[in-house]
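*Asks:* Attaching a single structure in structure tokens format; questions to follow.
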């Protein structure tokens, strides 16, 4: 019987194979809640909330109130802060004593030899210290700047607060960081006026640089005193040796034993050279002339005179008796010893003088200076606080707080 006949006769319609397949697929799908089920879940949640009214209270206290307070403060109340940033590095001055070659005259103990790394760490600690705050307060009215009525209540400094409280506030407005690899320092100053922020940054740099110079001043002055004393000792030693040489010349009756000996040796050498030339001429003349020739006789006489002069000079240099033989040699030895000592003293005195000059230069000038990478400039607009970011962070924190409160509430109730 066809499906139309079944409809006419009122008999139930037999399911087709396709209908069976569709029914099988539908049974395999997960149950999807219908609108009635969803409505039932919402009703269940509302009933749960009604049964635990603390959920709404926690939502208001932990999320709504903090979010509204953060939006109100950062959106309408928080004062604008102008930031001045400076990048600099500490470097030694060119030409100072600690850049020169080390001396060996005993004056290094007083010369400044602190490393740049130490100076960098000292500067970082000093910028955030009480002495720096007191020095800046003596130059600028920072309590008045940070405590004026136009500044919002949360960012304002009470001018009547003691120095310890002011130092905590100072560390909130001033920060300094150091890059460990390069030693570059970054100084950041926040104020409620761009001119004030720039003035504070410049005052910090000037005072910190002056502090480094004053820190090494006692050592530099000690180096100068020690170098001056050592220089006088060296100069006195040279003067005594020169006097001893003069006394030796007067006792021996010679202007300079070494020069006298050199002159005698040079004269004997010249006489021997002349004798050799005459001997050659005599040898050549004897082949052509007779022994009684006037030319031969004159040459022989000249050679005899040269031999006599050479012998006389040698006798004068050595003497005839044992005491006279050692006269010039002894004088020469003493002169050489004094001259060697005098030259050593002069060389030492010259090294001491160089050390004195280096110490004098150190006292007269700054051994380190701040090499500016980015100089402080006046801010054109306020960069703090970042209002949108802070409101977002407050909202996120409030949401986390509310979730934690609900979780704690359920844990207590279970």
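*Asks:* In nanometres, what is the gap between the two model label sites at residue 148 and residue 117, each 7 Å from Cα along Cα-to-Cβ?
*Replies:* Between residue 148 and residue 117, the simple spin-label model gives 4.5 nm.
*Asks:* OK, next. Find how much the distance from residue 225 to residue 287 grows on full extension, using 0.36 nm per residue of separation minus their present alpha carbon separation; answer in nm with one decimal.
*Replies:* 14.2 nm
*Asks:* First measure r as the distance between the Cβ atoms of residue 403 and residue 341, then evaluate 1/(1 + (r/R0)^6) with R0 = 60 Å and state the FRET efficiency to the nearest 0.05.
*Replies:* 0.05
*Asks:* Using 0.36 nm per residue of separation minus the Cα-Cα distance, give me the extension gain between residue 65 and residue 374 in nm, one decimal.
*Replies:* In short, 106.9 nm is gained.
*Asks:* Quick check on the exposure proxy: order 222, 177 from fewest to most C-beta atoms within 10 angstrom.
*Replies:* 177, 222
*Asks:* Let me ask another. Which FRET efficiency, nearest 0.05, do residue 300 and residue 267 yield, Cβ-Cβ r, R0 25 Å?
*Replies:* The pair residue 300/residue 267 has a calculated efficiency of 0.70.
*Asks:* From zero up to wherever the largest Cα-Cα distance of region 146-274 sits, split into 10 Å bins and tell me the percent of pairs in each.
*Replies:* Over region 146-274, the share of Cα pairs per 10 Å bin runs 9, 18, 16, 11, 9, 8, 9, 9, 7, 4, 1, 0 percent.
*Asks:* How would you order 123-129, 133-139 from highest to lowest mean count of nearby Cβ atoms within 10 Å?
*Replies:* So the order, starting with the most tightly packed, is 123-129, 133-139.
Since every read-out is calculated from the coordinates, none of them should be taken as a lab result. Worth saying up front: this structure is predicted, and the values here are computed from it rather than measured. Heads up, the Cβs are rebuilt from the backbone with ideal geometry, glycines too, and the neighbour counts pull from every protein chain shown.
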